[in-house]
4 protein chains.
Amino acid sequence: MIVAMQETATEEQIQQVVEHLIEMGFSVHRSTGARQTVVAAVGARVDFDIRNLEVLSGVEHVHRISAPYKLAGRSFRPAGTIVEFANGLKIGGEQVVVIAGPCSVESREQLFATAERVAKAGARALRGGAFKPRSSPYSFQGLGLEALKLLREAGDRFGLLVVSEVMEISQIAIMLPFVDIFQVGARNMQNFNLLRELGKVKKPVLLKRGIAATFEELLLSAEYIMAGGNYNVILCERGIRTFETYTRNTLDISAIPIIHKLSHLPMASDPSHGTGIRDKVAPMARASVAAGADVLLIEVHHDPDKALSDGAQSLYPDQFSELMDQLRIIAPAVGRTIA
Amino acid sequence: MIVAMQETATEEQIQQVVEHLIEMGFSVHRSTGARQTVVAAVGARVDFDIRNLEVLSGVEHVHRISAPYKLAGRSFRPAGTIVEFANGLKIGGEQVVVIAGPCSVESREQLFATAERVAKAGARALRGGAFKPRSSPYSFQGLGLEALKLLREAGDRFGLLVVSEVMEISQIAIMLPFVDIFQVGARNMQNFNLLRELGKVKKPVLLKRGIAATFEELLLSAEYIMAGGNYNVILCERGIRTFETYTRNTLDISAIPIIHKLSHLPMASDPSHGTGIRDKVAPMARASVAAGADVLLIEVHHDPDKALSDGAQSLYPDQFSELMDQLRIIAPAVGRTIA
Amino acid sequence: MIVAMQETATEEQIQQVVEHLIEMGFSVHRSTGARQTVVAAVGARVDFDIRNLEVLSGVEHVHRISAPYKLAGRSFRPAGTIVEFANGLKIGGEQVVVIAGPCSVESREQLFATAERVAKAGARALRGGAFKPRSSPYSFQGLGLEALKLLREAGDRFGLLVVSEVMEISQIAIMLPFVDIFQVGARNMQNFNLLRELGKVKKPVLLKRGIAATFEELLLSAEYIMAGGNYNVILCERGIRTFETYTRNTLDISAIPIIHKLSHLPMASDPSHGTGIRDKVAPMARASVAAGADVLLIEVHHDPDKALSDGAQSLYPDQFSELMDQLRIIAPAVGRTIA
Amino acid sequence: MIVAMQETATEEQIQQVVEHLIEMGFSVHRSTGARQTVVAAVGARVDFDIRNLEVLSGVEHVHRISAPYKLAGRSFRPAGTIVEFANGLKIGGEQVVVIAGPCSVESREQLFATAERVAKAGARALRGGAFKPRSSPYSFQGLGLEALKLLREAGDRFGLLVVSEVMEISQIAIMLPFVDIFQVGARNMQNFNLLRELGKVKKPVLLKRGIAATFEELLLSAEYIMAGGNYNVILCERGIRTFETYTRNTLDISAIPIIHKLSHLPMASDPSHGTGIRDKVAPMARASVAAGADVLLIEVHHDPDKALSDGAQSLYPDQFSELMDQLRIIAPAVGRTIA
């Protein structure tokens, strides 16, 4: 930590800062220049609020030097994390893994028709909502357990892993027998009680970035899960909220190379939620792979015009196949392959 | 709902839209001008996704006419909601109610010393965290049940209502005997499972706006609680995330008159979290009252330099007293009083 | 400047950073802790790009310590700047100065009717657009020179200073004989050529914050004017762009106490542009004074329903009078007066 | 335009709205449903302020139906605009055109060394600043006319078009003999006087999106140029300002497919300014081409460590060559080629 003192700071004020830092367990180094004094604090502590120094008299600015997360940081595993599954699939390796399926599981017919098509086109995992977070209490809220059973059955039938969203602690035990990856949605990225419980689970977690979450906050949320012992976390960009309202969100493609630099965790991109409009999904999916994404989440529905949720952002199966063909052209440009 | 067709839309495309709307249960009116056709759909349904129309061919734009919330909207109770408590205190009435206290309950000594001071200065309710949502898993997480007991005891001693934050469904039953108002934090504004459970509780809920939540989303979250039968919801502005990073958040004072127009629910302002810096709290508290806030939440600590959390934004008791004096000058300008 | 090295940085990399800093003219202090090395650079230079250090190998983060502006910073004039006018009016002193008038000058009748009403209610300066920046090329663009003459005449008649917006260098000479304060609009806050020319003028400049400008950028733009010798700069908050689209902009009331801390320049607030909706102007004007604003800009039109621009955000003269009465109640709470 | 009346609106209020619309020249259609009345106004006028209707009593919301721009809209030229140059180069055609070069022209040696390398690697145009917009008045401001001469000479030598930024009206005439494309920077996107003058010029204009500009505002600014008769406008995404500060800006890749849908104008992407960090430029350049960009702007410097401006975001010539090779793999996925 660096504390820059005001030009007018007195010796007494500087001493007060130095003592405060020493009390917090830091080693302190002091630099005095023509205009101002700077106090550098070096130490191992990550848990402190820099504002407690900022309010001391004579202090101009305080800068945190080291990241407040440890397990999620790149230096914890410089070579990068590869999440492996029982069927041999690896996330974070050479292959870009595509997870596809409907927004919500609506019926056996819908799920199986969609699963068959996406598996054939090259998807390796099936997504589908069983419990749905909806902004309005009057919207369809998901089929629950019935949906989980269908997902497992369809996954097994077509050789796909199963990914579904967990919204609440009590759902973890219900979902555990059916899913391969727990998804945490953007609205729950800072539901710390939920994250802590997922840290005790033995299955990977796909953690979506909140719509107004900084990279540091995303990595701190991953840290909550990892601190419990579950190191198989996959991060996911799904769009941030900006001043522009033409699209639901602005998919921040730069999150992909940035997270790859800051963290060892695999990075996914969700262009379906990130744009909310069908004809923007393919361009942004291509952009994600070109930028280095490890995983893509794509909403596909066998009949999107009749979807109970998010039909407007779901691809038709033929569009998904065409997209997969384009991605197979792009992946080699970044040294990757696609199934 | 209004569907504006493209200038080049064919008669067939227009018919498809009309049929789609009728199927959804709307009455349809069609207007054809020199340049384009507009289809107006009027009806009582609030639960639909306008994007399902936007993706139909020939459609240029779709505009939602009516708000997607009902119970939280101003027209549900044009005269405004007043939340009444057993001790006679009213929130939403002529008196501006000030809720004050420490960020976290840390000890009996801290809580009682602070409570005594804020009560004397004119606060009518005591706030204090028992369960703390912290961005980092390594930060202080709150004293839990012990804190709740202390809050109740201090509240009773000094004639203050008790407000504390609930983060998780299982905490509702634990908190119920001790608090007068359940606070839902910004990070949980869209924790829909939690909101739904709070709809079944017989105590008021203070619902904070998420840092990236629109007014519509805030009111939809209130709707989740109200749809369960609990109409005693108090909304709270506590700062939104903008491009400016000088302060933790940007306290959106305009939320106060806007929510007062859109909704009948009382509106609170939290300048402590909204700025994150002690010397900005008083100016923003004054601004909130001048803009018409019904409630203020102010963090006060009897010894902020030693606070375990958010000390940097907590007022000293003397600063709080001085602020209350300033607010007493301002309140009459908006036809209000302060205790 | 502080350069925090990566934990894995080599001695050679650290030396490279040190040499780079010395070459740039800084005094260098080095602190080595258990985990990492920190290099502090102290010196008088303000003109450098910290990213040139960030890209050196082994560097983790670079933090700027001192503000990149000098003349605009609080330490340049700790007591604060008071801008004085020939008629004795002072901006930045005890009195809160209210500038009022129509968005655009449309006719003699409109301007004089409005000026008379605002003068009577307590305004001390008259605002009115002669040259208008309009997002659409098809909108009303202002009356130009004719408007300037009317402004001067009305100002003199009713004892009001004259404020009008300059959009382009060639307009400075045209406006100089007619205005008392040059206003620079939000869209031109970083029109550096224009700012530089205004630095050579002997009349005060009211500089509006851009809708996406940080406080640092606003102060750097003031620095452009001041570097030319014109120290009479008044800053103005007029709303920033956020994710919320209910209002045109989000008026950032916290800018008032923040700028007062960072700079010695007087601070204005423009709730008319900051909200864009008539019934939000009064609450935000009251909030601005309660937060410590030195100046208010309020759009008033004698007949807003017929205004050629921004009628929807203009107050009726009676509303303005009522607002002034409210402000007279509030001002004493912050030790101020209003005419 | 659609005017949705409040549920409680009276017949008189509805009539007032209808009359107001007719007075404005619209054809009016009225739809009355169980809950509310909706008034649709259809007409050719684009120049009006919808807020003038919003403030009428009884009005709930007003929605603009048609875009406020005409010449820049897709329907004006459904097949898309191709900008052609004397040397046969086409922008907006099958070939993705790469514009490369240093941020600022610093010296003959620097410019020629860089130009030779980028031409060899496949760039078709040379960029370089002669007049520089700098946030700080103390930063390097460009070589001016000398830089323009060098750019022209280097362009001719290596077969590259010349692109440079114009900041001010008086620079247009100076630049005209030397440049092939006038660039308008993000800070000047709403410098309407400058745009209007560029509408009279016979050379193409590359117009950058402001850091807080909506797509509609960008297209309205293009409209200013086109309304003057200059239809050769190229739009450019260069990063928007969001809450995330890890990168200078957030490059909004989705702007590419969105602008392609809304407008017929070619769309460029500038990943150098859009990220501000060298190692993020290549991923975002690849993403831009994968998303369908017509043009790329890339900062390249023969010796970035010594650059006078933006060295930290400039590629080394070898990095640029490697990037071009990657882009040649990606372009066919979107049916494009690269030189």
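Quick notes
- Restricting region B:248-257 to residues that are part of a loop (DSSP other than H, G, I, E, B) and facing chain C (nearest Cβ under 7 Å), the residue that is surrounded by the fewest Cβ atoms within 10 Å (Cβ to Cβ): B:D252
- For region C:290-304, the count of residues that are closer than 24 Å to D:F243 by Cβ and buried (at least 24 other Cβ atoms within 10 Å of the Cβ) is at least one.
- Residue match in region D:58-66 (condition: of a type in the set (K, R), farther than 20 Å from B:S66 by Cβ and surrounded by 15 or more Cβ atoms within 10 Å (Cβ to Cβ)): no
- Listing of strands (runs of 3 or more DSSP E) fully contained in region D:35-106 that carry 3 or more residues being within 14 Å of chain B (Cβ to nearest Cβ) and over 30 Å from D:G144 (Cα atoms): D:37-42, D:59-63
- Residue within region B:117-132 that is surrounded by fewer than 23 Cβ atoms within 10 Å (Cβ to Cβ), at pLDDT below 95 and not in a helix (DSSP H, G or I) present: yes
- Total residues in region B:302-318 satisfying the condition of being more than 12 Å from chain A (Cβ to nearest Cβ) and either closer than 20 Å to B:F140 by Cα or touching a residue at least 40 places away in the same chain (Cβ under 8 Å) (or both): the figure is 3.
- Restricting attention to region D:168-194 and to residues that are more than 8 Å from every other protein chain (Cβ to nearest Cβ) and polar (S, T, N, Q), the residue that is surrounded by the most Cβ atoms within 10 Å (Cβ to Cβ) turns out to be D:Q183.
- Long-range neighbours under 7 Å by Cβ, at least six apart or interchain, first residue assigned by TED's automatic domain parsing to the domain that holds C:L160 and touching a residue at least 60 places away in the same chain (Cβ under 8 Å) within region C:115-141, second assigned to a loop (DSSP other than H, G, I, E, B) and among the β-branched types (V, I, T): C:G129/C:V105
- Odd one out for B:L145 among (1) away from every other protein chain (no Cβ under 14 Å); (2) crowded, with 24+ Cβ neighbours inside 10 Å; (3) at pLDDT below 95: (2)
- Scan of region C:314-339 for residues that are modelled with pLDDT under 95 and touching a His at 6+ places or on another chain (Cβ under 7 Å), ordered by number: C:S314
- B:G228 vs. criteria in contact with a Phe, Trp or Tyr (Cβ under 7 Å, 6 or more places away or on another chain) and more than 30 Å from C:L251 (Cβ to Cβ): no
- A single entry from C:F112, C:F85 fulfils the requirement of being of a type outside the set (G, A, S), within 30 Å of C:A307 (Cα to Cα) and at pLDDT 90 or above: C:F112.
- For region A:259-294, filtering for residues that are of a type in the set (A, V, I, L, M, F, W, C) and farther than 27 Å from D:K261 by Cβ leaves 4.
- So D:I256, is it more than 21 Å from D:G92 (Cα to Cα) and touching a strand residue (DSSP E or B) at 6+ places or on another chain (Cβ under 8 Å): no
- When B:E197 is tested against the conditions (1) touching a Phe, Trp or Tyr at 6+ places or on another chain (Cβ under 9 Å); (2) within 14 Å of chain A (Cβ to nearest Cβ); (3) surrounded by fewer than 24 Cβ atoms within 10 Å (Cβ to Cβ); (4) within 30 Å of B:D156 (Cα to Cα), the lone failure is (1).
- Single condition C:T81 does not satisfy, out of (1) within 18 Å of the chain's Cα centre (by Cα); (2) within 16 Å of C:Y316 (Cα to Cα); (3) touching a residue at least 60 places away in the same chain (Cβ under 8 Å): (2)
- Qualifying residue in region B:287-303 (condition: touching a helix residue (DSSP H, G or I) at 6+ places or on another chain (Cβ under 6 Å) and at positive phi): yes
The values are calculated or read from the model by the stated rules, or taken from the named source; none is laboratory data. Not measured: the values here are computed from a predicted model. Using ideal geometry, Cβ is built from the backbone for each residue, glycine included, and neighbour counts are taken over all protein chains shown.
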